[in-house]
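The values are calculated or read from the model by the stated rules, or taken from the named source; none is laboratory data. What you see is a predicted model; the values in this text were computed from it and never measured. Glycine gets a Cβ as well: all are built from the backbone with ideal geometry, and neighbour counts include every protein chain shown.
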Amino acid sequence: MAYILCIETSTTNCSVALAKEREIICLEEDYNTSYSHAERLHNFINKVISRAGISLKDIAAVAVSKGPGSYTGLRIGVSAAKGLCYALDIPLIAISTLRSLALQIDSENESYIVPMIDARRMEVYSAIFSNQNEQLRDTKAEILTEDSFKKYLDKKNVYFVGNGVEKFSAICNASNAIFVENKLPSAQEMAVLSHSKYQDKDFEDVGYFEPYYLKDFVSG
């Protein structure tokens, strides 16, 4: 039974989990309003390993949230994941940040799920999923307007989740819109996705893998 270390740093939530057979056995995260990944990430990694009563050499793979999201946050997470994979000679698994975020919505009724991560100003990174986690629209960087996602909202309920929700809830009046606030991507949802990729041997080239930034870095 494989242990997979899961790392999520795409937003202000510095999140680390240890998963075993699709189940999270240890989780450390900091739902902060500022970025503290450089200070906390390696401490969180050591904590989950210690609490599980194992050592780093017992890990079978490292899964990292690949983005989109914060340029700096993604770089820190991916650098740490690649460093561990190099040192331990284990595979690297990349997990879509938006697909993982969408798993925070558990809806039995047929609906759409739109995970959205704050980009800048009125822009978000988003994708569209069914309530079965099937991706229905590619990931995009888009400027929000009151008519955004209209063709989906006209059909059925749409759950919006992530730190871009506050922007959209302020301008969207659609009756089918359900805004799930105060949610950030977490390593907790990476267990099932990383286990499936591990079984399929869907690994990244550690030497060449880069985060999915979607947009070029802009300072300021």
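Quick look at the values:
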{"read-out": "Some residue of the range 123-130 being within 25 Å of residue 70 (Cβ to Cβ) and touching a residue at least 40 places away in the same chain (Cβ under 8 Å)", "value": "yes"}
{"read-out": "Extreme residue, farthest from residue 21 (Cα to Cα), among residues of the range 55-108 that are assigned to a strand (DSSP E or B) and free of Cβ contacts under 8 Å to residues at least 60 places away in the same chain", "value": "64"}
{"read-out": "Residue check, residue 171 assigned to a loop (DSSP other than H, G, I, E, B), hydrophobic (A, V, I, L, M, F, W, C) and not assigned by TED's automatic domain parsing to the domain that holds residue 85", "value": "yes"}
{"read-out": "One residue from 26, 6 being buried (at least 24 other Cβ atoms within 10 Å of the Cβ), modelled with pLDDT of 95 or more, of a type outside the set (A, V, I, L, M) and not in a helix (DSSP H, G or I)", "value": "6"}
{"read-out": "Qualifying residue in the range 146-157 (condition: over 30 Å from residue 42 (Cβ atoms), part of a strand (DSSP E or B) and either in contact with a helix residue (DSSP H, G or I) (Cβ under 8 Å, 6 or more places away or on another chain) or at pLDDT 95 or above (or both))", "value": "no"}
